[in-house]
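Written below as structure tokens is the structure these notes are about.
The values are calculated or read from the model by the stated rules, or taken from the named source; none is laboratory data. Model, not experiment: these values are computed from the prediction. Every residue, glycine as well, gets a Cβ built from its backbone with ideal geometry; the counts of neighbours run over all protein chains shown. All accessible areas refer to the heavy atoms of the entire protein, side chains included, with ligands and DNA or RNA removed. Shrake-Rupley method; radii C 1.70, N 1.55, O 1.52, S 1.80 Å.
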Amino acid sequence: QKEVEQNSGPLSVPEGAIASLNCTYSDRVSQSFFWYRQYSGKSPELIMSIYSNGDKEDGRFTAQLNKASQYVSLLIRDSQPSDSATYLCAVRTPDKLIFGTGTRLQVFP
Amino acid sequence: DTGVSQDPRHKITKRGQNVTFRCDPISEHNRLYWYRQTLGQGPEFLTYFQNEAQLEKSRLLSDRFSAERPKGSFSTLEIQRTEQGDSAMYLCASSPALRPSTFGNTIYFGEGSWLTVV
């Protein structure tokens, strides 16, 4: 079992819809979780971090964490074509980040 | 620009040659990381430094790979006798030193160095 698992996608949503990206992790003691966005040919860019169970909102982005289920998600509201990218889930364990393979999101007009 | 800087951005080399990448972290960051990313995969951890000390190396890091951070500032990653399987983007990242809490300490990536071995 991989340490961090994501569906590779692509996840296709129409412009204006909510995109829901999911991630599961295997290490129960992990405390810090991150979402990075990566455009094709570019390096990862941090968009959200979350440490406590529940929801954390930042603009159109909401991160959700459920430690009991070892589950992290990212919701993108009012999706825009510019949101089309690969979204990487990362888990801190404990001195480095372990990444999933990423989910490719496509937002079509 | 005060972000993580990597050089060169692109390198094409013949199989068997040696290559070296340089990374300059964000100036106040004590920790420096190297990751490798291939197409369709997430970044894979290679190694990290706290100041000049190399604290962890991945099993992915074969004997042909060596990383240094001699003065606790910039770092180099050298690949000897390159193979076609080494073709990837090599990412450097940095973060502040650990606080007592396990939270926080986000890492920030540079723009990456693309290696193509022909």
Problem set entry | Rounded percent of accessible protein surface that carbon and sulfur make up, chain B, 1.4 Å probe | 46
For this session: Using the Cα centre as the reference, give the magnitude of the dipole from point charges on the C-beta atoms of the protein assembly as shown (Lys, Arg: +1; Asp, Glu: -1; all else neutral), rounded to the nearest 20 debye.
Result: 420
Seminar exercise, completed: Ordered by number, the residues of the range A:34-67 with at least 30 Å² less accessible area in the assembly than alone (1.4 Å probe) are A:Tyr36, A:Gln38, A:Gly41, A:Ser43, A:Pro44, A:Leu46, A:Tyr51
Problem set entry | Interchain or long-range residues, amide H under 5 Å from A:Ile47's placed H | A:Trp35, A:Tyr36, A:Arg37
Exercise. What does the accessible area per residue of chain B come to in Å², with a 1.4 Å probe and no ligands, DNA or RNA counted?
Worked result: 52
Exercise. What's the tally of Lys pairs in the protein assembly as shown whose alpha-carbon atoms lie under 20 angstrom apart, where the two lysines are 8 or more places apart or on different chains?
Worked result: 8
Exercise. Can you tell which of B:Leu61, B:Leu77, B:Leu91 shows the greatest fluctuation in a Gaussian network model of chain B with Cα springs below 10 Å?
Worked result: B:Leu61
Exercise. Residue by residue through the range A:90-101, which ³J(HN,Hα) values in whole Hz follow from phi under the Karplus form 6.51 cos²θ - 1.76 cosθ + 1.60 (θ = phi - 60°), with glycine and proline marked x?
Worked result: 9, 10, 7, 9, x, 9, 8, 9, 10, 9, x, 7
Problem set entry | Rounded Å value of the spacing that divides the Cα centres of the range A:2-30 and the range A:88-109 | 8
Exercise. Can you pull the percent of chain A's accessible area that's carbon plus sulfur, 1.4 Å probe, other chains left in place?
Worked result: 47
Seminar exercise, completed: Expressed per residue, the solvent accessible area of chain A in Å² (1.4 Å probe) is about 46
Exercise. How big is the B-A contact in terms of buried accessible area, both chains counted, 1.4 Å probe, rounded to the nearest 100 Å²?
Worked result: 1800
